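Scroll down for the structure; my scribbles are underneath it.
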Amino acid sequence: MNGYQRSIAFLKNGTVDRPPFHPIIMRWAARHAGTSYREFCLNPEAKCDAMIRCARDFDLDWVTVMSDPWAEASAFGVDVAYPENDLPVDTGGHLPDATSAALLKPFDPTEHPRCRNRLTEIDIYRKKAADYFIVGWVEGPVAEYVDLRGASEASLDLLMEPDHVQQTMDVITESALRFIRLQVERGAHCIGIGDAFCSQIGPDLYRQFAFERQKMLVDGIHAAGAFAKLHICGNTSAILPDMIATGADIVDIDHLVPSMSAFAAMLAPSQVFSGKADPVSVIQDASPEKIHQTVMRDYRDAGGRCIISAGCEITPDTHPDNMRVFRKAAEVPET
Amino acid sequence: MEEILNNLARCIEFGKTDKASAWPPDMKEQDGADEIALRALEEGHPPDRILEALITGMEAVGRKFSENKIFVPQMLMSAKAMKAAMAHLKPAFESGTARRKGTFVIGTVQGDLHDIGKNIVAMYIEGNGYEVVDLGVDVKPEQFLAEIGKRPGCVVGMSALLTTTMINMKRTVEVIRDAYPDQVICVGGAPVTEKFCRDINADFYSPGPQGAVTFLNKLAS
């Protein structure tokens with residue numbers, strides 16, 4: 001089976017030779033390929049070549065467009081700087097208050113360079129890596145609002161200006177749906193929804209602002225003909241039942257969630273978890289035995305319905321040997 | 001505690017900044033921390049007692065945060081309420097009629113621009129009676145050194161949200177240790193662990209703000 005076949009079969013609850021291996025690699029991929037992070041973020045060829053090289057060298061089952069959260073924010077007007085070998089940073093152009101956020105207009109992804117690049121990346125993957133599971137990406141409503149306003153201001157807005165936040169998130173969601181359709185049309189097999197900050201706002205605000213919109217995005221991805229992946233890092237225990245209820249096919253679980261076992265029974269037959277090893281204390285720093293044990297434990301806790309991945313991004317300092325051990329641990333999980 | 005101070009503690013606990021604030025909805029149009037702190041001073045309550053009320057409120061906030069009963073937005077509202085009250089106490093601290101437990105110098109390490117965790121820790125420590133000197137984000141080791149030089153006896157706290165900037169935390173600790181071998185240094189942030197704290201020769205790691213306050217209180221006692 002190739003990565004595409006394995007991923008699709010696993011998601012459809014079919015027979016697989018082993019569970020798919022989907023570690024999130026961004027800075028690690030750029031470093032492995034010897035590409036500056038600026039190039040990785042801004043040059044579709046550089047990103048895709050790095051991802052494909054990692055997929056081939058480490059036997060990954062997927063390739064993704066992930067690099068940083070700023071593509072949509074750039075389209076909404078946030079200024080972003082791209083240091084040569086560091087993460088991109090927002091440098092200005094944020095919405096000054098919740099009221100102005102509500103004046104935001106939906107954007108057309110084809111008119112903005114970073115969004116166009118994402119579509120180009122999917123084109124490249126279709127040409128060069130069709131044997132892998134190709135994953136596009138959009139920012140979720142909460143994460144994008146945080147990108148536009150800053151984390152502290154956005155947090156206060158959720159309590160103080162809920163109506164304006166709702167209006168703004170409607171615009172964010174409308175834009176994301178448009179971006180989803182374009183990515184799926186270009187050939188993405190799956191679209192990830194990144195809504196990281198949701199783990200910080202608690203279940204009440206999650207339900208008030210995020211749940212319905214995430215569900216709309218999942219429905220939009222399904223309607224376009226792709227699988228949906230929902231990624232919220234941090235301890236999502238309090239919102240995991242709702243995350244599962246969005247209908248996302250792949251529900252990411254970070255290492256801060258104590259165990260998947262309490263939630264595994266909530267999965268529909270067509271849903272799987274992805275996770276959840278600690279990228280630092282396990283994948284980067286632990287012994288091969290510990291990495292193996294962690295993967296086995298997580299897989300068992302998920303009742304075998306778990307794509308092998310770390311809870312979040314593989315760190316750039318992770319030694320390639322550890323990645324090989326990590327991949328090997330996905331070989332014959334004991335359920 | 002007198003009723004007015006109880007009310008002040010309650011404003012901190014529930015994040016009621018001032019009368020105009022719409023949060024929390026069930027305290028709408030009631031006086032907030034701003035008005036109550038000012039009135040308490042005008043009525044002659046000693047600044048130290050007012051500070052105690054703020055600490056009581058913050059302790060409730062910290063407890064609820066660690067029990068996952070409130071989350072970052074509510075925590076930040078409480079911080080806002082506390083800041084409003086503390087503004088009235090500032091002259092008392094400056095004149096020495098009220099005293100803080102110690103000084104905490106905090107910042108995110110060089111290269112790291114993520115400040116929400118640092119902000120929460122800073123406000124929580126301030127709300128527990130410490131002077132907090134917030135150096136902001138992307139703080140170079142030399143900036144920490146300069147502040148330590150100005151504030152003998154202070155405790156330094158630094159955070160890193162990214163694994164890529166953890167390495168800068170190590171370097172910052174080394175630079176501080178070279179100049180001030182006995183400097184007390186606390187570290188925190190999502191990728192930081194107890195082991196990493198030990199490896200880089202820092203003194204204390206806590207995954208949340210409550211642990212940091214407990215550590216500081218031990219030092220201060």
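Here, each number is a calculation from the coordinates, and none is a lab measurement. Fair warning: this is a prediction, and the values are worked out from it, not measured in the lab. Note that each Cβ is placed from the backbone with ideal geometry, even for glycine, and that neighbours are counted across all protein chains shown.
At an R0 of 22 angstrom, the distance between the Cβ atoms of A:Ala130 and A:His222 translates into a FRET efficiency of 0.50.
Remark: the Cα gyration tensor places segment A:1-135 in the prolate category, a/c being 1.5 or greater and a/b exceeding b/c.
Normalised Debye scattering of segment A:3-329 at q = 0.08, 0.13 Å⁻¹ gives log10 I(q)/I(0) of -0.33, -0.93, counting only Cα atoms as equal scatterers and leaving out solvent. For A:Val272, the residues 5 or more places off, or on other chains, whose built amide H falls under 5 Å of its own are A:Ile250, A:Val251.
The calculated FRET efficiency for the pair B:Asp48 and A:His319, based on their C-beta separation and a Förster distance of 60 Å, comes to about 0.65. Taking every full run of DSSP H in chain A, the ones that stretch at least 30 Å from end to end by Cα along their long axis and average -1.0 or higher on the Kyte-Doolittle scale are A:162-186. When segment A:3-329 is described by a simple charge dipole with +1 on each Lys and Arg Cβ and -1 on each Asp and Glu Cβ, the residue from A:Val142, A:Ala265, A:Leu42 located farthest towards its positive end is A:Ala265.
Cross-link pairs exceeding 20 Å between alpha carbons, from the set A:Lys290/B:Lys118; B:Lys16/B:Lys69; B:Lys80/B:Lys118; B:Lys90/B:Lys118; B:Lys19/B:Lys83; B:Lys118/B:Lys170: A:Lys290/B:Lys118; B:Lys90/B:Lys118. For A:Lys47, the aspartates and glutamates whose Cα falls under 17 Å of its own Cα, not counting residues fewer than eight places away in the same chain, are A:Glu39, A:Asp57, A:Asp61, A:Asp68, A:Glu84, A:Asp86, A:Glu121, A:Asp123, A:Glu313. In segment A:69-124, the alpha-carbon atoms span a convex hull of 90 Å³ per residue. Separation of segment B:85-151 from segment A:204-261 is 37 Å, based on Cα centroids. Peptide A:159-166 is shielded by partner chain Cβ atoms: per residue, an average of 3 of them sit within 10 Å of its Cβ.
Setting aside same-chain residues fewer than 8 positions from B:Lys150, which lysines have a Cα under 18 Å from its Cα? Result set, ordered by chain and number: B:Lys101, B:Lys140. Checking every one of the trypsin sites (Lys or Arg not before Pro) in segment B:1-83 against DSSP loop status and a limit of 12 other Cβ atoms within 10 Å picks out B:Lys28, B:Lys69. With the simple spin-label model, which puts each label point 7 Å out from Cα in the Cβ direction, the B:Lys28 to A:Glu289 separation comes to 6.2 nm. Placing pseudo-labels 7 Å out from each Cα toward the beta carbon at B:Lys19 and B:Thr214 gives an inter-label distance of 4.1 nm. Restricted to Cα atoms, the protein assembly as shown shows a radius of gyration and a Dmax of 24.2, 78 angstrom. Loop sites by DSSP among the GluC sites (Glu not before Pro) of chain A, restricted to those with at most 14 other Cβ atoms within 10 angstrom, leave A:85-330 as the longest stretch without any of them. In percent, rounded to a whole number, the relative contact order of segment B:1-141 is 25, using alpha-carbon pairs under 8 Å and six or more apart. Entry note, the protein assembly as shown: the mean residue ellipticity at 222 nm calculated from DSSP H runs of n ≥ 4, each adding -39500 (n - 2.57), is -15500 deg cm²/dmol after division by the residues and rounding to the nearest 500.
Of the candidates A:Asp49, A:Asp68, A:Asp131, which one comes out as most mobile in a Gaussian network treatment of chain A with C-alpha springs shorter than 10 Å? Result: A:Asp68 has the largest fluctuation of those listed.
Over segment A:36-89, the Kirkwood radius and the radius of gyration, each from Cα atoms, give a ratio Rg/Rh of 1.03. The loop-placed GluC sites (Glu not before Pro) in segment B:16-90, going by DSSP, that have at most 15 neighbouring Cβ atoms within 10 Å of their Cβ come out as B:Glu29, B:Glu43, B:Glu67.
Between A:Glu84 and B:Asp199, what is the FRET efficiency for a Förster distance of 41 Å, r being their Cβ-Cβ separation, to the nearest 0.05? My answer for the efficiency is 0.90. Simple spin-label estimate for A:Arg53 and B:Asp182 gives 5.2 nm between the two label positions (7 Å along the Cα-to-Cβ direction from each Cα).
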